Amino acid sequence: MDNLDSDDLEMIRRERLAAMKKRQDKKQEWITNGHGTYSELYDEKEFFEATKKSENMVCHFYRDQFVRCKLVDKHLDILARKHIETKFCKINAEKAPFLTERLKIRVLPTLCLVKNGKTKDYVVGFTDLGNTDDFSTEMLEWRIARADVVEYQGDLLCPPSSKSSGQRMDVRKKKTIRGRNDDSSDDSDSD
């Protein structure tokens, strides 16, 4: 900073202002595309249109009769207002048979996490959320962030519920039997 003259500082200021203006324009575009609210898609055509318009999307496949789907709705409504960079929506799985078959959705609730028009990940049931009905909104946010669909400020290796206890949860992808690094499975005869 000491080596910068007034021209350098002015250039940095202009670049920062341009970046802020670009971000504001992007935010306005997101709002125009329905970001910032948790909305319902009524058919499969709407789903495909939404994926084309939004870079990041979280779509909840639900059924009206399922209490757990209503729990997810509550959390997604909160996250939709917090993460304006992502479109949050839901679609009734019974009214979208082609889509549920194509995406191989077998368990409800299922969250389909879409980035750049491609399905990046799924949150199936509550297994990834601590396998409990009383998971926090922060836990769901963390899980969605692991697919890089929301801008997350926390530690992606440490879920929110384990931070207070100081424990780290192993969040690496599970390896296959052939690819695992297991010290006890070495072939040497050293005894």
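Summary of values
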{"quantity": "Neighbour net charge for K27 - beta-carbon separation under 14 angstrom, K R +1, D E -1", "calculated": "+2"}
{"quantity": "Packing-based ranking, highest mean first, of 120-126, 7-13 given that Cβ atoms within 10 Å are counted", "calculated": "120-126, 7-13"}
{"quantity": "Largest-first ellipsoid semi-axes for the range 48-101, taking √(5λ) over the Cα gyration tensor eigenvalues, angstrom", "calculated": "19, 17, 5"}
{"quantity": "Whole-Hz ³J(HN,Hα) from phi, Karplus 6.51 cos²θ - 1.76 cosθ + 1.60, for the range 89-100, glycine and proline x", "calculated": "8, 9, 9, 5, 4, 5, 8, 10, x, 4, 5, 5"}
{"quantity": "Within-12-Å neighbourhood charge of K95 [Cβ basis; K, R +1; D, E -1]", "calculated": "-3"}
{"quantity": "Percent antiparallel among DSSP beta bridges (both partners in the range 17-139, rounded to 5)", "calculated": "55 percent"}
{"quantity": "Cα-centred dipole magnitude for the range 15-142, charges only on beta-carbon of K, R (+1) and D, E (-1), debye, nearest 20", "calculated": "460 debye"}
{"quantity": "Rounded to the nearest 20 debye, dipole of the range 1-42 from Cβ charges on Lys, Arg, Asp, Glu", "calculated": "280 debye"}
{"quantity": "Distance in nm between pseudo-label sites at R68 and K21 (7 Å out along the Cβ direction from Cα)", "calculated": "5.0 nm"}
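Each reported figure results from applying straightforward, stated rules to the coordinates on display, with no laboratory input. Predicted model only: the values in this text are computed from it and were never measured. We place every Cβ from the backbone using ideal geometry, glycine too, and count neighbours over all the protein chains shown.
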